[in-house]
1. Could you tell me which of the residues B:K91, B:K133 is in contact (Cβ under 8 Å) with a residue 12 or more places away in the chain and of a type in the set (K, R)?
2. Does segment B:127-150 include one or more residues that are in contact with a strand residue (DSSP E or B) (Cβ under 8 Å, 6 or more places away or on another chain), among the charged types (D, E, K, R) and surrounded by fewer than 20 Cβ atoms within 10 Å (Cβ to Cβ)?
3. Given A:V222, A:V244, which one is assigned by TED's automatic domain parsing to the domain that holds A:N42, closer than 26 Å to A:Y135 by Cβ and in contact with a helix residue (DSSP H, G or I) (Cβ under 7 Å, 6 or more places away or on another chain)?
4. Could you look through segment A:85-96, keep only residues that are facing chain B (nearest Cβ under 7 Å) and in contact with a helix residue (DSSP H, G or I) (Cβ under 6 Å, 6 or more places away or on another chain), and pick out the one that is farthest from A:N21 (Cα to Cα)?
5. Could you list, ordered by first residue, the pairs with Cβ atoms under 7 Å in which the first is in segment A:195-217 and in a helix (DSSP H, G or I) and among the small types (G, A, S) and the second is at pLDDT below 95 and buried (at least 18 other Cβ atoms within 10 Å of the Cβ), at least 6 apart or interchain?
6. Quick check on segment A:104-161: of everything there that is among the basic types (K, R) and part of a loop (DSSP other than H, G, I, E, B), which residue is nearest to A:F177 (Cα to Cα)?
7. Consider A:W162 against the criteria (1) at pLDDT 95 or above; (2) over 30 Å from A:K24 (Cα atoms); (3) touching a helix residue (DSSP H, G or I) at 6+ places or on another chain (Cβ under 7 Å): it satisfies all of them except one. Which criterion is unmet?
8. Residues in segment A:45-62 that are outside any loop (DSSP other than H, G, I, E, B), at the interface with another protein chain (Cβ under 7 Å from one of its Cβ atoms) and either in contact with a Phe, Trp or Tyr (Cβ under 9 Å, 6 or more places away or on another chain) or without any contact (Cβ under 8 Å) to a residue 24 or more places away in the chain (or both): how many?
2 protein chains.
Amino acid sequence: MDISSIDISTNIPETMETDTNNEKTIGIIGGLGPEATADFFNRIIRNTPTEKDHLHVIIDNNPKAPNRNPAIAGTGPSPFESFKQSALRLKQAGAELLVMPCNTAHAFKDAIIHNVDTPFIDIVEEATAHIAKHYPTIEKAGLLAVDGCLQTRLYHNALAGWEIETQCLDTRAQHDFMELIYQIKASGVNADIKQTMMSFARSLEDNGAEVIIAGCTEVPLVLSPKDLSIPLIDSTEILATQCVRYARQG
Amino acid sequence: MDISSIDISTNIPETMETDTNNEKTIGIIGGLGPEATADFFNRIIRNTPTEKDHLHVIIDNNPKAPNRNPAIAGTGPSPFESFKQSALRLKQAGAELLVMPCNTAHAFKDAIIHNVDTPFIDIVEEATAHIAKHYPTIEKAGLLAVDGCLQTRLYHNALAGWEIETQCLDTRAQHDFMELIYQIKASGVNADIKQTMMSFARSLEDNGAEVIIAGCTEVPLVLSPKDLSIPLIDSTEILATQCVRYARQG
């Protein structure tokens, strides 16, 4: 083949996009942190049925947003304005569905839903509706989540709406859980961390929990369904599958 | 130091963003394919020195852009307008540097550089400048790249600018290389694929190549520097490190 003779400038139809169906463009409010955003993006890709179905996804990965945990504790600035700007940027860029792959950040979701009319898929609502649908007889759900998520009662309130009680760790174990999360963020996962995380899940089960909610994006990095004798509710995975489903519904 | 005496709840300015330095926001023209975009995003994260240095990254992952390979072969529509719209969307959203983690797509880079004034970091220019800088005595570079990348002579021309000759696979091996790339895209990596890819690299070396350019985002998924007796030039990794460097320079 003589490649020097190929002129790519001629006879090529000019189409703007091949996106002629009704699929929705997904907008991800990310950076909370970047690893969780990259993990969520990978889950969107993995949950797409075939190569030709891959979705248009716009990601605003902004790790400069003030940390939601100090903000909730009243010891740091609010990320409200930053989330609002992120939602506005994504809408302007063409996002038709918005998601935020961070449970605790949902304490500030008004920044999104009060400022853009783009539908917002709420991770807490999706995870709790998933429990109610798939485990309809459940009375008590165990919750592994960071302090800010507990303080704002995101899961407590949503589960109460389904008449499900929330079982948290006791004060001392919750303190140790927070230490473990910081350890995972700083240096990844090892066998000791996995054992400790499993012991937290077991203590929730001992207190009557019938499922364990991974209510923090770090938990599924350590814990998988086969580590537990009761179901693990992976909120990040549920958000990703629902996100793909809603986007493909058009 | 007695940290219990520190009161951080006062004097905290209400800032919109904590991004007060001169860092630049990175815009990624992605979706070519989504896995390569996710891999590139992970490399940006990994190449960021510490957690507090994470950069604002906006990704337009648009897998609906027409495939660049049929477009170059003259058998499919051009992605030109799609890349232009992606660049405009990212600029509008606040991107201050643009990159496109796909070698072959650079055949259409005019769609970006002729339509936005945002600086564009070119993967081919960065990879070839890297070779010239780190291996200044080299006369011949081996190239593992898809047909569209060869036909448009992206690497041939850039290497010629550094007085380096490009060594490609022979016609038959190039055909087999394309088959291998489609196999990786469809079903991932295995030991046989790795062996075959290594044999392609060795045939380039037998023909005088002094380095091997991974000029396609799938190649580094199979081949690592330790598999070769001569240096592997990972264009994706070079683009990621340069991208972080330029963004942090402000």
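The values are calculated or read from the model by the stated rules, or taken from the named source; none is laboratory data. Worth saying up front: this structure is predicted, and the values here are computed from it rather than measured. Here the Cβ is made from the backbone with ideal geometry for all residues, glycine too, and neighbour counts use every protein chain on show.
1. Just a single option satisfies the conditions, and that option is B:K91.
2. Yes, that holds for at least one residue.
3. Numbers: A:V222 fails: assigned by TED's automatic domain parsing to the domain that holds A:N42.
Matching residue, one of A:V222, A:V244: A:V244.
4. By that ranking, first place goes to A:R89.
5. A:A201/A:L223
6. The qualifying residue nearest to A:F177 (Cα to Cα) is A:R153.
7. Evaluating A:W162 over (1) at pLDDT 95 or above; (2) over 30 Å from A:K24 (Cα atoms); (3) touching a helix residue (DSSP H, G or I) at 6+ places or on another chain (Cβ under 7 Å) leaves (2) as the failure.
8. The first filter runs over segment A:45-62 and keeps only residues outside any loop (DSSP other than H, G, I, E, B), leaving A:45-46, A:51-53, A:57-61.
When the remaining residues are screened for being at the interface with another protein chain (Cβ under 7 Å from one of its Cβ atoms), the result is A:45, A:57-61.
Filter once more, keeping what is either in contact with a Phe, Trp or Tyr (Cβ under 9 Å, 6 or more places away or on another chain) or without any contact (Cβ under 8 Å) to a residue 24 or more places away in the chain (or both): A:45, A:57, A:59, A:61.
Result for segment A:45-62: 4.
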